[in-house]
Amino acid sequence: MLFMQLISRKSSRWFIVGMTSIFIFSIMLRFWQLGRFNTLVFDEVYYAKFANNYLTKTDFFNAHPPLSQYIIAISIWIGSHLPFGQEIVNNETGSTLAPWTYRWVNALTGSFIPVVVGAIAYQLTRRKSYAFIAVLLIALDGLFLVESRYALNNIYLVNFGLLGQLCLIIALQDWQFKQNIWLALAGINFGASAAIKWNGLGFLLSIYLLWIFAWIIEFLAPPKKSDFISPLRNLTQLNLLQFTLNLFFIPIIIYSLFWIPHIILNPKYGFWEMQKQIFSYHQRIGSGPDTHPYCAQWFTWPLMLRPVVYFYKNTGLLDKPEPSLPPLPSDIGNPKVNPLIYDVHAMGNPPLWWLSAVAILS
């Protein structure tokens with residue numbers, strides 16, 4: 001018995017060391033040369049500019065809910081008031097800013113996503129090894145890494161959605177008063193995810209589907225006695241009031257509240273009219289190769305046949321030095337003769353994506 005306790009303590013110690021090491025590694029990957037490139041990369045042309053518009057009180061139309069731009073605005077405000085890192089700047093947002101000032105909160109948020117994923121994996125399985133594998137796979141995911149290093153909105157959408165799932169799973173294992181607190185926190189995070197982008201509703205809709213499936217399983221195959229039952233089976237233990245209040249009304253309230261600052265600064269459209277304008281905008285812009293010639297068809301995404309391109313510059317095609325690029329190596333000679341290509345592509349972690357696709361299909 002004592003021997004097993006010693007093994008358990010040693011295992012827990014190594015688990016903490018491993019998780020901490022991966023977290024530090026995630027931070028290093030995301031913050032290394034965060035100022036590259038000294039320009040707006042990919043959809044930073046929208047989100048970093050819109051965030052700065054909030055700070056300068058400039059009217060604009062936002063084609064997505066505003067929460068991510070609020071967060072980036074806070075990032076800019078804090079970063080621009082720090083007494084370091086202001087040597088390399090640009091005016092792409094409409095103000096003179098160092099590029100890291102609109103990126104660092106994204107990098108910090110992205111560093112925590114592997115930790116949240118590991119917590120979910122542990123809560124679902126109670127196995128440290130599974131949690132460690134989940135953390136490692138997410139930490140090495142190229143798509144999450146690239147999204148974390150630029151002022152984009154998807155990293156916040158995922159973070160709030162995962163936090164909502166984690167809070168819900170914890171709530172399903174606690175039948176005391178604290179359960180309602182965790183359920184409310186889940187609803188707040190799901191509402192925040194939708195306030196980043198409407199795609200964030202997918203996290204909440206997946207919970208609705210799981211709730212339906214849990215009732216079907218409860219009816220067809222009641223759980224057998226075992227050492228461990230997935231907390232998701234406890235979804236049927238939530239009463240209708242708990243479910244609707246915390247996982248329907250609270251997300252709606254949170255989503256609505258996040259619009260208040262935007263509407264105060266941009267009073268042209270009210271709340272409901274703003275939702276109509278966003279829907280109409282996305283209906284107009286369309287999708288597919290006609291709109292984005294380099295895009296990959298949605299059914300090829302799990303196979304990762306075409307990575308997403310975020311940035312591409314060929315020095316051989318430039319007539320003069322490009323200030324957004326790092327200085328060219330001294331031994332390169334004439335960049336027209338010996339061109340360098342700077343590019344950023346985002347591709348997921350193949351084992352994670354492929355095995356996840358198989359798991360979903362099965």
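The values are calculated or read from the model by the stated rules, or taken from the named source; none is laboratory data. Note that the structure is a prediction, hence the values are computed from the model and not measured. When we count neighbours, we look across all protein chains shown, and the Cβ atoms used for this are built from the backbone with ideal geometry, even at glycine.
Some notes on this structure:
- Extreme residue, nearest to residue 346 (Cα to Cα), among residues of the range 143-190 that are in contact with a Phe, Trp or Tyr (Cβ under 8 Å, 6 or more places away or on another chain) and aromatic (Phe, Trp, Tyr): 150
- Check on residue 142, in the same structural domain as residue 197 (by TED's automatic domain parsing) and either among the aromatic types (Phe, Trp, Tyr) or surrounded by 21 or more Cβ atoms within 10 Å (Cβ to Cβ) (or both): no
Results for (1) surrounded by fewer than 10 Cβ atoms within 10 Å (Cβ to Cβ); (2) under 25 Å from the mean Cα position of the chain (by Cα); (3) assigned to a loop (DSSP other than H, G, I, E, B); (4) at pLDDT 85 or above, shown as yes or no for each residue.
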residue: 261; (1), (2), (3), (4): no, yes, no, yes
residue: 279; (1), (2), (3), (4): no, yes, no, yes
residue: 284; (1), (2), (3), (4): yes, no, no, no
residue: 290; (1), (2), (3), (4): yes, no, yes, no
residue: 293; (1), (2), (3), (4): yes, no, yes, no
residue: 309; (1), (2), (3), (4): no, yes, no, yes
residue: 324; (1), (2), (3), (4): no, no, yes, no
residue: 327; (1), (2), (3), (4): yes, no, yes, no
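- Members of the range 122-133 that are of a type outside the set (Ser, Thr, Tyr) and surrounded by fewer than 21 Cβ atoms within 10 Å (Cβ to Cβ): 123, 124, 126, 127, 128, 132, 133
- Residue among 63, 73 that alone is more than 30 Å from residue 355 (Cα to Cα), surrounded by fewer than 18 Cβ atoms within 10 Å (Cβ to Cβ) and touching a helix residue (DSSP H, G or I) at 6+ places or on another chain (Cβ under 6 Å): 63
- Residue 250 meets each of the listed conditions (1) more than 17 Å from residue 202 (Cα to Cα); (2) among the hydrophobic types (A, V, I, L, M, F, W, C); (3) touching a residue at least 40 places away in the same chain (Cβ under 8 Å) apart from (1).
- Condition check for residue 219: free of Cβ contacts under 8 Å to residues at least 40 places away in the same chain and not polar (S, T, N, Q): yes
- The numbered conditions (1) surrounded by fewer than 16 Cβ atoms within 10 Å (Cβ to Cβ); (2) under 19 Å from the mean Cα position of the chain (by Cα) are all true for residue 31 except (1).
- Inspection of the range 218-225 identifies no residue that is of a type in the set (A, V, I, L, M, F, W, C) and surrounded by 15 or more Cβ atoms within 10 Å (Cβ to Cβ).
- Scope the range 71-89; condition modelled with pLDDT of 95 or more and out of contact with any Phe, Trp or Tyr (no Cβ under 7 Å at 6 or more places or on another chain); matching residues: 74, 77, 78
- Close pairs (6 angstrom Cβ cut-off, 6 or more residues apart or separate chains): acidic (Asp, Glu) in the range 54-83, part of a loop (DSSP other than H, G, I, E, B) anywhere: 59/266
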